[in-house]
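What follows is a set of notes on a single structure, which appears directly below.
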Amino acid sequence: MSMLDQINSPQDLKKIPREELPKLALEIRQLIVDVVSKTGGHLASNLGVVELTIALHYVFDVPNDKIVWDVGHQAYTHKLLTGRRDRFHTLRQHGGISGFPKMSESPCDAFTTGHSSTSISAALGIASAKRLNQENAKVIAVIGDGSMTAGLAFEGLNQAGDIHKDMIVILNDNDLSIGPNVGALSSLLSRTFSAKRIQDQKKKMGEFLRNLPKIGQDAYHYAKRAEESFKAFVTPGMLFEAFNFDYFGPIKGHRLDQLIDILNNIKNIDDPVLLHVTTQKGRGYAPAEKNPVYFHGVGCFQVKTGNKLSCSTAPSYTEIFGKTMVELAETDDKIIAVTAAMPEGTGLVKFSQKFPDRFFDVGIAEQHGVTFAAGMATEGMKPVVAIYSTFLQRSYDQILHDVCLESLPVTFAIDRGGIVGEDGPTHHGLFDLSFLRTLPNMIVMAPKDENELRRMLLTAINHPGPAAFRYPRGTGANVAIDEHIKPLPIGKGEVLTEGKDLLILAIGTSVTDALEAHQILLEKHIHATVVNCRFVKPLDADLICHLAKEIPHIITIEENLRQGGFGSAVLELLHDENINNLQVKRLGIHDTFVEHGPSKLLRKKYGIDAQAIVSAATLMIP
C-alpha cells in the first residue's frame, strides 16, 4: 500500500514520521500528473505547493483551523489530504469533485474560491467571527504573488493590520500568476534580493570591515546594528511590516523540514503574520517546469511527453481574435490592447510582441484595467480590453461610471462567454449579456462564428462609444474567413432561414443550434424563420417587430442567464411596441449557478441546445 493510500484525513497525515514526508510528496505529484493528464486542470500551480500543503496540514488542525486558498487552483493536494483521495479521479468531471475549493464539498474547504485575491479578506472575516464566538482556532490565507497585484488583497491586509486579528497570510512566491507577473510590486517580490544573495553580500562586507585598520571591529559592529534597517529596505518585508504584519521569510517552499519548523514557530503568534515562501511552479514534472504558463490550465496530455491530446484543427475564437487584433493594428496605430495578467489566455501574445508599446498587461487588476483604458480613450486612443467574462464582472462599476457615463470609445472583447465546462460556476460566463445591456451608451454583440467575430471587433473599434462583444471558449465553426473585414451595421440582424410557422431569435453561438433545430423541425413539417440577431443592444427592432406580427410563435435562445438577458430584451421590445397575442418561449439558463462538466452535457441539461429548441417548438405547434 502506498503512503497516500493510508491518508483519509489530516489526522492520518500527522502519523507519518517527518522524514517520510518527502516520499509522500513524490506520490502526490505522480498522482496529480496522472489524473490531470486525463481530466485536464490546473497542473503547474498545484505541483508548486505540494510541500507547502503537506506542511500546513501537518502543523495545523483542519477543519478546526481554517485554510483559505486564494483562487483555489492550487488545492489538489489539499483535497487529497482531506478525505477526497478516492474521488480524485473524478476531478472536474460532471458529478465529481470540483477543481476549486468548495464549502459544500467538504468541511475542510473553509471558503469557496475561484477568482483571485479574495483569501485575505475572507480569512480576516473568519478570524474575526471566531474571535467573537470565542473559538480558539488559527486561520491561514494562502495567496500567490500574482494575486497580490489586486487591490482587494491590500484592502484585506490594511484592515487586518489595523485591527490586529490573529491570522497568518502565506505568500506563495513563484514569480508567476498565470503569465509572468508585471508591475512594481511583482518586481519587489521577485528573487532580486534572495536570501542567498543578501547573505553573500553580508559576508563580503563583514570581511572587508573587519580588515580595516584600527576601526575595523567597531565598524563591523556598527554595521550589524544597522542590519535590520538595511533589510527593511532591500527585502519585501518592508511592505508587509508597513501593514503591521510580522514578516518572516523568504524561505524555500520545497524544504518540508524548514516549512514545518517555521509554521510551528509562528502558529502561536497572536498578531497578524505574513510568511513569504518561494516555490517553483510545475515542480517535479519536467514539461511543466519548462513551460509553467502552458501547464497552468491544461487539457488532456501525454504524461511522457507533455504533448496535448487534441484532434481539432479548427482555430479557436481566441486565436482568431488575437490574429485580427494584429491585422487591424497594422493599419491603425491608435489601437491599444489591454489585458489583466492573461496575454496567453486572451490571445494577445503576438500583439504584445509586434506592438510592445501598445500592449498593456495591468496584472490581476480588472478594475484598474478598465479605468486605465478609459483614460487612454480620452486622449484619442482606441483601447481594446480583453478579459474573460467571469473576470469582467469584477469591474462592473468601472464600466458603468468610468466608460459608459461619458460614452468613451472602449472596446470590450469578452472571452469565455457562456458555459466554459469543467472549471464550473466560478468561471462560466453566463451573466455578461444581462449586466452589460442595462448600461446606457453600451453596445452589446455576440458573433455566430469566428468570421463574424472579426467583423464585430472592427465594428466595436470604429464605434465612437463603448462596445462589447462576447465569444465562447474553444474552437470555432471552422467557417471561411473573409480576406477583408467589413464592419456590421449597428443594431441589424440577419435572416438565415424563412418559415411561417415559427420565429427563432438566436444570439451568438446559439445560432448554430437554431439552424440545427430548423433542419430537424422541417422533418416534422414545422417551418421556422431563424434570425441571427447579432446585437443584444440595440436590438433590430424593425426586423423583430415585423416578423413578430407575421409569426406569433417565438423562441429566443441564448447561452446566458434568462433574467435580464437577450430574451428579456426581446420581451421588453415587444411589450413596448404593443405587439400582443404572441406565444414566446425564452430558452436560457434558469435562476441557478451551473456546475462543472462537459459543455455539451451542460447545455443539454439546462435546455439551451438544438433539441431544447425542437422540444419547445413541438409544444407550441402540435
Filter result for residue 264 (out of contact with any Phe, Trp or Tyr (no Cβ under 6 Å at 6 or more places or on another chain), in the same structural domain as residue 120 (by TED's automatic domain parsing), outside any loop (DSSP other than H, G, I, E, B) and surrounded by fewer than 20 Cβ atoms within 10 Å (Cβ to Cβ)): yes
Filter result (of a type in the set (S, T, N, Q) and free of Cβ contacts under 8 Å to residues at least 12 places away in the same chain) within region 292-312: 307, 310
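Quick one: which residue in 324, 371 is more than 19 Å from residue 472 (Cβ to Cβ), in a helix (DSSP H, G or I), of a type in the set (Ser, Thr, Tyr) and out of contact with any His (no Cβ under 8 Å at 6 or more places or on another chain)? So that I can check it myself, show each step before the final result.
Details: 324 fails: more than 19 Å from residue 472 (Cβ to Cβ).
From the options 324, 371, the qualifying one is 371.
Per-residue answers, yes or no, for (1) surrounded by fewer than 23 Cβ atoms within 10 Å (Cβ to Cβ); (2) more than 28 Å from residue 451 (Cβ to Cβ); (3) small (Gly, Ala, Ser):
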site	(1), (2), (3)
303	yes, yes, no
351	no, no, no
354	yes, no, no
367	yes, yes, no
397	yes, yes, no
The one condition in (1) among the charged types (D, E, K, R); (2) surrounded by fewer than 24 Cβ atoms within 10 Å (Cβ to Cβ); (3) within 24 Å of the chain's Cα centre (by Cα); (4) closer than 20 Å to residue 539 by Cβ that residue 492 fails to fulfil: (3)
So residue 389, is it surrounded by 23 or more Cβ atoms within 10 Å (Cβ to Cβ) and either without any contact (Cβ under 8 Å) to a residue 40 or more places away in the chain or under 30 Å from residue 92 (Cβ atoms) (or both): yes
Residues of region 50-95 satisfying the condition of being surrounded by 24 or more Cβ atoms within 10 Å (Cβ to Cβ), assigned to a loop (DSSP other than H, G, I, E, B) and among the charged types (D, E, K, R): 70
Qualifying positions in region 539-566 - touching a strand residue (DSSP E or B) at 6+ places or on another chain (Cβ under 7 Å) and within 30 Å of residue 420 (Cα to Cα): 544, 554, 555, 556, 557, 558, 559, 560, 561, 562, 565, 566
Selection count where residues are part of a helix (DSSP H, G or I), surrounded by 13 or more Cβ atoms within 10 Å (Cβ to Cβ) and free of Cβ contacts under 8 Å to residues at least 24 places away in the same chain, scope region 573-613: 2
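Would you please name the residue that is surrounded by the most Cβ atoms within 10 Å (Cβ to Cβ), looking only at residues in region 427-448 that are assigned to a loop (DSSP other than H, G, I, E, B) and without any contact (Cβ under 8 Å) to a residue 60 or more places away in the chain? Break it down into steps so the answer makes sense when it comes.
If we filter region 427-448 for residues that are assigned to a loop (DSSP other than H, G, I, E, B), which is where we start, we get 427-428, 430-431, 438-442, 446-448.
Then keep just the ones that are without any contact (Cβ under 8 Å) to a residue 60 or more places away in the chain; that gives 439-441.
Working: 439: 19, 440: 10, 441: 15.
Looking at residues that are assigned to a loop (DSSP other than H, G, I, E, B) and without any contact (Cβ under 8 Å) to a residue 60 or more places away in the chain, I get 439.
Checking the structure you have, find out if any residue of region 36-44 is of a type in the set (Lys, Arg), surrounded by fewer than 24 Cβ atoms within 10 Å (Cβ to Cβ) and without any contact (Cβ under 8 Å) to a residue 12 or more places away in the chain.
Taking region 36-44 as the starting set, the residues that turn out to be of a type in the set (Lys, Arg) are 38.
The next check asks that each one be surrounded by fewer than 24 Cβ atoms within 10 Å (Cβ to Cβ); those that pass are 38.
Remaining after also requiring without any contact (Cβ under 8 Å) to a residue 12 or more places away in the chain: none.
No, region 36-44 contains no residue that is of a type in the set (Lys, Arg), surrounded by fewer than 24 Cβ atoms within 10 Å (Cβ to Cβ) and without any contact (Cβ under 8 Å) to a residue 12 or more places away in the chain.
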Number of the exception - residue 146 against (1) touching a Lys or Arg at 6+ places or on another chain (Cβ under 6 Å); (2) surrounded by 24 or more Cβ atoms within 10 Å (Cβ to Cβ); (3) not polar (S, T, N, Q): (1)
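The values are calculated or read from the model by the stated rules, or taken from the named source; none is laboratory data. Remember, predicted model here, so these are calculated numbers, not experimental data. Every residue, glycine among them, receives a Cβ derived from its backbone with ideal geometry; neighbour counts consider all protein chains shown.
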